[in-house]
Each structure stands twice: as C-alpha cells, then as structure tokens.
Amino acid sequence: MTLNTAKNTPKNTILKKIISIVIVFLIFLLFTIYSWLCTWNIALGYIGLAIIIIGAVLWRKKSVIFLFSSWVFLFLLTLILFIPSLKCYNEKTIDYMHRIDKGENLTFKEKVSIYGLNVFMSVAAYPIYPEVSKENFNLLFKTESGERTFESDFFMKSQEIKKGFKNYSTKVSWSSSKYNMGNPESRFALALNPCYLSYKETNTYKEYTVSVKVKYAKKTSAVLLKQPFKLVVEEGLFNYLQKENWLHPYTAIWKTKILK
C-alpha cells in the first residue's frame, strides 16, 4: 500500500505531466523540421514524418520506449541519408535560381522551403554565430524605422574592425573567402560585411559603433563549409523572398561604450 500511494502522489503526477509536455514539444519540433524537408521534396522528410507519427502513436497506445526507439532509428537514418539529402538540396537550389533568373515565380511551397531555410539557419547558427543568428531572425519581422540597435562589443574582437578604428576608416569589408567556417574573421564577415564605422568620445566614455545593412544580395554564394562536405548557401534565394515581401531588410547598429 505504501508503494502504490507513493506512485500516485501529486508530485509524481506533476512530473509526469511535465515529461509529457516536453515529449509533445519535441514531437512538434521534429514534425516541423521534417515537414520543412518535405517542402524541398527530400525523401528523408517524408520518411522522417512517417517514423515520427508511428512513434507518437505507439507511445500513446503502448509505451514511451517505442517512441524513444523510433527517435533513435530516425537519428541513424538521418545520418545515413544526410549526404543524399544535401545533394537534393543543392540541385533544388540550382533549379530555383535558374527559374528566378528567368523571371519565373516560385510556388508557395517553394517559397516556404526557402523561408524555412532562413529560420533553420537562424536557429542552427546561434551557438557558433549568435550575431548572424539574431540578424537573420529579425529579417522575419518588419520594423517601422528600418533600424535595429544592439548593445554588444563582439565586433571589437575582429582584427579588421580594430584596424579600421585605428586607421580612422569609415568602412570595413571582407572577401567571401572569410565566410568559411574556421576562419577567425568568419563570425564578423558573416554578420557585418560590409559595415560602416563611427566613433564618439565624451568626458566619461568612448563609444564605438558599426552599422550594416542586413539584406541578401541578388546572387552571391556563401561557402560555409568545404570539408568533410561542401555546404553552400545561395543568397539569391532569400533576395527573391525580400522582393516578395516575405523577408524585411533593415540596418543593424551594433554599439558599445568603454568608460574612461
């Protein structure tokens, strides 16, 4: 009797509810990701959705073990099909750009696939490139002033920015080769290329400011990774969404103050 009572305590009931909420959230997250892959007509997306749905059904009807087993299987399958899926994405990208260059309109589904890519990149980039993540994510929302101000001194870690302020330059830019992951300037090049510098000094502080137009170029390929596989993002796809008013360019102003 004592053991059964312990299992039904309010504390255990709340814990079970919390676990259920977390599981439902993870199912929704996985469903969203693999649904987005479907918009690219990637086979992994359709297979993944089937596995997610089957796992969720078995969880409710039998046991959570079936759900976790389906997730392990999905993870392994994703690793196996990653390279073929990347190849499919690259082929779709070329096809989209070819049609855009010809002046053709993309379908709603194809626009959603590109829009979802911007969201995915914003989330995925956060651990490595938090400033790029923040700038990209804010493209999803309109701003009346056309400007967004961020308080951060991250740009002062860039050797090119430091050199610019030291030489009283008003503009700093990077070549596309600096975008490559692992390059010490990649974090700054991806977030600030090109940017404009300004400096203000008062009796109490020095203020350093860099501003950059956050928008996608008409046709620029950003090579983010070369090894162990090549990862390229074609900015022209997002430029198309800007023209379609799905993404909203703005000026990002990064500033920091140093007290004297």
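Where a number appears in this text, it was derived from the coordinates with a stated rule and is not lab data. Values in this document were obtained by computation on a predicted structure and should not be read as measured data. Counting neighbours? That spans all protein chains shown, and the Cβs are built from the backbone with ideal geometry, glycine included.
Just from its helices, what would the mean residue ellipticity at 222 nm be for the chain, if runs of 4 or more DSSP H residues each count -39500 (n - 2.57) and the sum is divided by every residue, rounded to the nearest 500 deg cm²/dmol?
Values: 9 runs with 144 residues, N = 260.
Estimated from H runs of four or more residues: -18500 deg cm²/dmol.
DSSP loop (so not H, G, I, E, B), at most 14 other Cβ within 10 Å: list which GluC sites (Glu not before Pro) in the range 88-152 pass both filters.
104, 144
With only Lys, Arg, Asp and Glu charged, each at its Cβ (+1 for the first two, -1 for the last two), find how big the charge dipole of the chain is about the Cα centre; round to the nearest 20 debye.
With only Lys, Arg, Asp and Glu charged at Cβ, the dipole is about 580 debye.
Using the structure shown, list the pairs from 102/134; 166/255; 171/219; 134/166 with a Cα-Cα distance above 24 Å, or answer none.
Among 102/134; 166/255; 171/219; 134/166, the Cα-Cα distance tops 24 Å for 102/134; 134/166.
Can you give the relative contact order of the range 25-143 as a percent, counting alpha carbon pairs under 8 Å and 6+ residues apart? Spell out each step's value before the answer.
Working: 81 pairs, mean separation 23.8, N = 119.
Taking the mean separation of contacting Cα pairs over the length of the range 25-143, I get 20 percent.
Can you compute the modelled spin-label distance between residue 32 and residue 120, with each label point 7 Å from Cα toward Cβ, in nm?
The answer from the label model is 1.4 nm.
What do you get for the angle between helix 108-125 and the principal long axis of the chain? Use alpha-carbon atoms, 0 to 90 degrees, nearest ten.
80
Whole-Hz ³J(HN,Hα) for each residue in the range 185-198, computed from phi via Karplus 6.51 cos²θ - 1.76 cosθ + 1.60 with θ = phi - 60°, x for glycine and proline: what do you get?
9, 4, 4, 7, 5, 5, 8, 10, 8, x, 10, 10, 9, 8
Calculate how steeply helix 64-101 sits against the longest principal axis of the alpha-carbon atoms of the chain, using the helix alpha-carbon long axis, and give the answer as 0 to 90 degrees to the nearest 10.
40
Among [x] 199; [y] 142; [z] 129, which is the computed volume of the Cα convex hull per residue in Å³?
Step by step, volume of the Cα convex hull per residue in Å³ for this structure corresponds to label [x].
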